[in-house]
1. For the range 237-259, name all the residues that are modelled with pLDDT under 95 and among the polar types (S, T, N, Q).
2. For the range 246-260, state whether one or more residues are under 26 Å from the mean Cα position of the chain (by Cα), closer than 16 Å to LEU129 by Cα, crowded, with 16+ Cβ neighbours inside 10 Å and not hydroxyl-bearing (Ser, Thr, Tyr).
3. Which helices (runs of 4 or more DSSP H) does the range 235-329 wholly contain that include 3 or more residues that are in contact (Cβ under 8 Å) with a residue 60 or more places away in the chain?
4. Quickly run through the range 187-214 and pick out the residues that are part of a helix (DSSP H, G or I) and farther than 17 Å from SER21 by Cβ.
5. Which residue pairs have Cβ atoms under 7 Å apart, sit 6 or more places apart or on different chains, and have a first residue in the range 70-82 that is within 11 Å of GLY154 (Cα to Cα) and a second that is of a type in the set (A, V, I, L, M) and in a loop (DSSP other than H, G, I, E, B)?
6. Here are some residues: LEU305, LEU354. Which one is modelled with pLDDT of 70 or more, farther than 30 Å from ILE225 by Cα and assigned by TED's automatic domain parsing to the domain that holds ASP144?
7. Of all residues being surrounded by fewer than 20 Cβ atoms within 10 Å (Cβ to Cβ) and of a type in the set (Gly, Ala, Ser) in the range 147-203, which is nearest to the chain's Cα centre (by Cα)? Just the residue, please.
Amino acid sequence: GFFAGIFGLDIQTPALPIGISFYTFQSMSYCIDLYRRSIGVQKSIVDFGAYVTMFPQLIAGPIVRYADVERELNQRSVNLPAMGEGVGTFICGLAKKVILANSIGMLWTEIKGHDLGQLSACTAWIGILAYTFQIYFDFSGYSDMAIGLGKMLGFHFPKNFDHPYQATSITDFWRRWHITLSTWFREYVYIPLGGNRVSKLKWVRNLMIVWGLTGFWHGASWNFIFWGLYFGILLTVEKLWLGKYIQKLPRFLAWLYTFFCVVISWVMFDLSTVSQITTFIKSMFGGSGVLIDDYARYQFHTYVLIFLLCALSATSFGKWLLEKVRRSKRVDQILCVLTPVVQMGLFVLCIAYLVNETYNPFLYFRF
């Protein structure tokens with residue numbers, strides 16, 4: 001474990017239930033809100049148990065606070081329009097996970113299995129970009145499936161992602177990525193510590209505590225601690241100095257800065273040792289002495305279409321296009337007929353993928 005590693009002890013950490021941090025945070029939020037008297041006591045053990053162990057989002061979120069579903073635990077309506085919307089959201093999430101995350105994730109798994117110090121710069125970038133898309137579509141896909149299942153059952157879970165790879169600052173990124181986790185830490189850690197209504201030194205302390213805990217929430221390992229503190233430092237620098245300059249940059253340059261910082265963060269997130277992290281980052285910037293090789297060219301040509309599909313799907317372009325074409329009443333009527341057909345086709349395609357493929361990891365189960 002984490003502390004065993006600090007003191008050089010050889011202690012085997014027992015296996016923990018999957019998704020334990022999600023329902024632990026949900027139980028904590030109930031206790032804290034009850035202490036604050038912002039919610040009423042739930043006297044039914046069945047209803048409380050339904051909240052804590054709500055199966056759609058039990059394993060990997062979104063993190064649902066008791067106040068979000070307090071009324072719906074006792075009074076909720078299940079109707080065909082909501083059921084249809086829930087099915088559509090579920091299928092969209094399933095497609096993100098099975099078609100996009102699994103397909104691109106195989107590339108990252110293959111690349112990080114090589115000697116990291118011998119990777120060409122191009123190969124290293126292809127690999128970490130593959131993981132960048134994998135973790136987004138894996139996690140947001142599961143969140144969409146959970147939200148969709150919730151709608152089918154009459155629950156309205158909070159949104160967990162809002163096109164985070166379109167962010168133009170790290171502050172903006174964390175308004176869009178794992179929104180329910182950011183909200184939880186803000187409500188139950190950052191604000192109780194004083195938030196930004198304290199001296200500048202204490203405010204920096206508050207930020208670093210929150211982001212150290214955010215890293216620790218993901219796992220008791222140094223790479224997660226570094227990952228959390230990395231974002232804490234970036235957010236501190238942005239709020240104290242860099243933010244005003246980022247706002248003046250052209251939108252593309254602000255996006256490029258943000259996306260670059262986020263991609264570097266995923267190296268820390270997935271590689272477990274400091275040695276692996278530093279070696280891989282060196283390879284990204286030509287540390288192996290090779291910028292591009294035949295292996296990189298082969299993988300690029302093999303995965304270029306899936307990369308383009310992932311890049312397009314990670315933006316709000318599809319939503320924007322749909323809203324634009326729906327302004328025409330006739331087109332909207334056609335879409336009402338085509339949408340269920342497309343959704344059913346996607347569902348069948350996902351089932352075919354699941355039947356034929358053995359590679360099907362859920363990245364956030366371990367948290």
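The values are calculated or read from the model by the stated rules, or taken from the named source; none is laboratory data. These numbers come from a predicted model, not from an experiment. Glycine also receives a Cβ, built like all others from the backbone with ideal geometry; neighbour counts cover every protein chain displayed.
1. GLN247 - this is the single residue of the range 237-259 that is modelled with pLDDT under 95 and among the polar types (S, T, N, Q).
2. yes
3. On the way: elements: 243-246, 251-270, 274-284, 294-313, 317-325.
It comes to 251-270, 274-284, 294-313.
4. Of the residues in the range 187-214, the ones part of a helix (DSSP H, G or I) are 187-190, 200-214.
Within the range 187-214, TYR190, LYS200, LEU201, LYS202, TRP203, VAL204, ARG205, ASN206, LEU207, MET208, ILE209 meet the criteria.
5. Close Cβ pairs (under 7 Å, with a partner that is of a type in the set (A, V, I, L, M) and in a loop (DSSP other than H, G, I, E, B)) amount to VAL78/LEU153.
6. Details: LEU354 fails: assigned by TED's automatic domain parsing to the domain that holds ASP144.
None of the other options fit; the residue is LEU305.
7. This residue is SER182.
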